[in-house]
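The values are calculated or read from the model by the stated rules, or taken from the named source; none is laboratory data. Just so it is clear, the model here is predicted, and its values are computed rather than measured. Cβ sites come from the backbone with ideal geometry, for glycine too, and all protein chains shown count toward neighbours. Just the protein is used for accessible areas: all its heavy atoms, side chains included, with ligands, DNA and RNA removed. Shrake-Rupley method; radii C 1.70, N 1.55, O 1.52, S 1.80 Å.
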Amino acid sequence: MRFFPVLLVAMLTLAACGAPQAPTLGEDGRPLPQLYRIRGGDTAKLQFRMLDSVNALRSAQGAAPVELDPQLNAAAATHARDMSVQNRPWHFGSDGSSPIDRLQRVGYGGKLIGENISESYETELETLAAWMEQPDTRRTILSPQARDMGFAWFQEQNGKIWWTMVMGNPDTAPLVPEANPSATRLVPPDPVEGAAETASDDTDEDVTIITTPAT
């Protein structure tokens, strides 16, 4: 006679396990976004997922594929962490360094094509989709000159992610920085038209997208 109570308890337990959890609601009554937490061992998986997605987009536009470059990955990782330290999504490091400086420091012998950055709680593919919606960041991703890609991030304890993507061309001579007496950073000697920093905010307040194109 003990079979039926035990069976009933088991059925209720299974039903509770299978029941969907009610979403946490914000002050506006809408479900809060789920936190995207990146684990320590996810680096290669995320980098190659981004690489495959970028190359699929480039292929659709007739552009040659890019390859992950360890030096560009290092430059991207350095800047992602530094943006968190500064609590500011922009292209200059806390020491005034520029994207060109960072490529020089990691020993990359090619030319900077562009750098995309983002401050977000979104995944890498959601960030890529947001970059593709902006003309300047899209231009960097699809640039026919690009041959190498660096991609890295830094995630804070609260879940905020600072993303950095760098595109380069190893077959083109790099921009040679010169000492800037007014700052610790280095600057290219002859800025070209269209190479100035541009910025645009995504409609989602949690995402800030900035790019530095290079011609």
Discussion item. Take Ala60 and Arg139, extend 7 Å from each Cα along the Cα→Cβ direction, and tell me the distance between the two endpoints in nm.
Written reply: 2.1
Worksheet item: What is the sum of charges around Ile141, taking Lys and Arg as +1, Asp and Glu as -1, for the other residues whose C-beta is under 14 Å from the C-beta of Ile141?
Response: -2
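Against the 2.2 N^0.38 Å scaling, with N counting residues, where does the stretch 68-168 land? I'd like the Cα-based Rg ratio to two decimal places.
Details: Rg = 12.6 Å, N = 101, 2.2 N^0.38 = 12.7 Å.
Here the Cα radius of gyration is 0.99 times the empirical estimate.
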Response to the item:
By accessible area (1.4 Å), largest first, Glu27, Glu67, Glu126 order as Glu27, Glu67, Glu126
